[in-house]
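Beneath this line is the structure, given in structure tokens, with notes to follow.
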Amino acid sequence: MINKKVVFLDRDGVINKDTSYVSRIEDFEFIDGVFKACLHFKKLGFEIIIVTNQSGIGRAYFTQDDFNKLNEYMKKEFLKNSIEILDVFYCPHKPEDKCECRKPKTGMINQALNLYDIDLKNSWMIGDKITDIELAINSNIKNSILISNTPMKKEEKSLSNFVVNSLEETINIIKE
């Protein structure tokens, strides 16, 4: 069996505009260039897996059903653009729950590894928060990209392999 190369993507702030606890289709706005970048990844032979903290469920800001409906909508929009999302893993817990799946802990990556034969050495983690990059480090994902438009401390920037302004810019980095 051939190991899958995967681009792990955070959701809010990477795929869609992060307007805080996005839970309704009408509030879900794809960021420009997302489909272009994901098509690029697919053409290079990468699978796409989304890993997202969704503490709004645990905080009762929205329901599991709300999340599922939005998730199905998002995946259908990707399919309309000829992009199949291999899977979506999420953490529904609040930070104070101290679960094993909330980023930067490795629970979501472990779930993916249990279901799929993944080559972490040739995979990528792309996120907009330091916890996404820490997830990559903690999971032995060698390649990471931080999407950030805000100034950050030098030590934060140095955690990721690259820092860019948008997912679309990753096309210039991920080439094989």
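The values are calculated or read from the model by the stated rules, or taken from the named source; none is laboratory data. This is a predicted model, so every value here is computed, not measured. Glycine also receives a Cβ, built like all others from the backbone with ideal geometry; neighbour counts cover every protein chain displayed.
Data for the structure
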{"item": "Residue in the stretch 72-81 that is touching an Asp or Glu at 6+ places or on another chain (Cβ under 9 Å), at pLDDT 95 or above and of a type outside the set (Lys, Arg) present", "result": "yes"}
{"item": "Test for SER148: is it closer than 20 Å to VAL34 by Cβ, in contact (Cβ under 8 Å) with a residue 12 or more places away in the chain, of a type outside the set (Asp, Glu) and out of contact with any Pro (no Cβ under 8 Å at 6 or more places or on another chain)", "result": "yes"}
{"item": "Whichever residue in the stretch 93-131 is part of a helix (DSSP H, G or I) and small (Gly, Ala, Ser) and, among such residues, is nearest to GLY58 (Cα to Cα)", "result": "GLY107"}
{"item": "Residues (among the small types (Gly, Ala, Ser) and exposed (fewer than 14 other Cβ atoms within 10 Å of the Cβ)) located in the stretch 2-27", "result": "SER20"}
{"item": "Tally of residues being within 20 Å of GLY58 (Cβ to Cβ) and in a helix (DSSP H, G or I) across the stretch 16-39", "result": "1"}
{"item": "Cβ pairs under 9 Å, 6+ apart, first in the stretch 28-46 and free of Cβ contacts under 8 Å to residues at least 24 places away in the same chain and surrounded by 13 or more Cβ atoms within 10 Å (Cβ to Cβ), second in a loop (DSSP other than H, G, I, E, B) and charged (D, E, K, R)", "result": "none"}
{"item": "Those residues of the stretch 130-151 which are within 16 Å of LYS5 (Cα to Cα) and of a type in the set (D, E, K, R), in sequence order", "result": "LYS142"}
{"item": "Options LYS121, LYS129, LYS98: the member that is without any contact (Cβ under 8 Å) to a residue 60 or more places away in the chain and within 22 Å of CYS38 (Cα to Cα)", "result": "LYS121"}
{"item": "The listed residue being under 19 Å from ARG11 (Cα atoms) and of a type outside the set (A, V, I, L, M), out of LYS103, LYS142, LYS98", "result": "LYS103"}
{"item": "Those residues of the stretch 157-170 which are in contact (Cβ under 8 Å) with a residue 60 or more places away in the chain and within 12 Å of TRP124 (Cβ to Cβ), in sequence order", "result": "LEU167, THR170"}
